[in-house]
Amino acid sequence: MLVPHTCLNAAVGSAFKKPLAAAVAGLAGHALLDLLPHKDISAHKAEGMAVLLLLGIVGSSCGWSSPAFWCAMGGVLPDVEQVLPWTDPKQGRRRYFPTHSPGLHSLQIPRAPRYRISLLEQTIVSGVSLAAVLLRCRPGKCR
Ligand SMILES: [Zn+2]
């Protein structure tokens, strides 16, 4: 769910004035999105490259010190531990971000326990969010 973490948080961040507050909001936004029932992509390298590209688009469009960019960074950074070998549960290690524990990640909806937000739905929300950011943030218009 890294692409929605990037795009949705960038959109939310564009409503902030201070980059630090936006980054903290990005961490909170990451936790909220992790709670939602969702499908995750198993192609971590491709997803990582897409996120770097998206962060580059947001940073170069809104500014590298803009709240939109830093909210997106706050939304992405917790998932770095998802690819670190020393936080890999398969090797008996634990993850530290609260919503990365199995009991808090991708929760089930009581009346629809099999429902997961699909990759297509995630892509649509991400595209709309990114478009909103790019329409709102123009060079010189954002901080
Ligand atoms: Zn996460």
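Where a number appears in this text, it was derived from the coordinates with a stated rule and is not lab data. Keep in mind that this is a model prediction, so the values were computed, not measured. Neighbour counts run over all protein chains shown; Cβ positions are idealised from the backbone, glycine included.
Put a dot 7 Å past the Cα of ILE109, heading toward its Cβ, do the same for THR87, and the two dots end up 2.9 nm apart.
Taking every Cα-Cα distance in the chain and sorting them into 5 Å bins starting at zero, the pair-distance distribution P(r) comes out as 2, 11, 19, 22, 19, 14, 8, 4, 1, 0 percent. In this simple spin-label approximation, LEU35 and LYS18 carry label points 7 Å from Cα along the Cα→Cβ vector, and these lie 2.4 nm apart.
Computed from Cα atoms, the angle from the helix 67-76 axis to the main principal axis of the chain rounds to 10 degrees.
DSSP loop trypsin sites (Lys or Arg not before Pro) in the range 23-111 with at most 11 other Cβ atoms within 10 Å of their Cβ, which ones? Present the calculation step by step, with values, prior to reporting the outcome.
Numbers: sites: LYS39, LYS45, LYS90, ARG93, ARG94, ARG95, ARG111; in loops: LYS39, ARG93, ARG94, ARG95, ARG111.
Answer by residue number: ARG94, ARG111.
Sequence gap at least 6, Cα distance under 8 Å: using those rules, report the relative contact order of the chain to the nearest whole percent. Display every interim value, and only then the final one.
Details: 232 pairs, mean separation 57.2, N = 143.
Over the chain, the number comes to 40 percent.
Using only DSSP helix segments of four residues or longer, with each worth -39500 (n - 2.57), what per-residue ellipticity at 222 nm results for the chain after dividing by its residue count and rounding to 500? Before the final figure, lay out the partial values.
Values: 5 runs with 76 residues, N = 143.
For the chain, the value works out to -17500 deg cm²/dmol.
Sorting the segments 19-29, 122-132 by their residues' average number of neighbouring beta-carbon atoms within 10 angstrom, most packed first, yields 19-29, 122-132.
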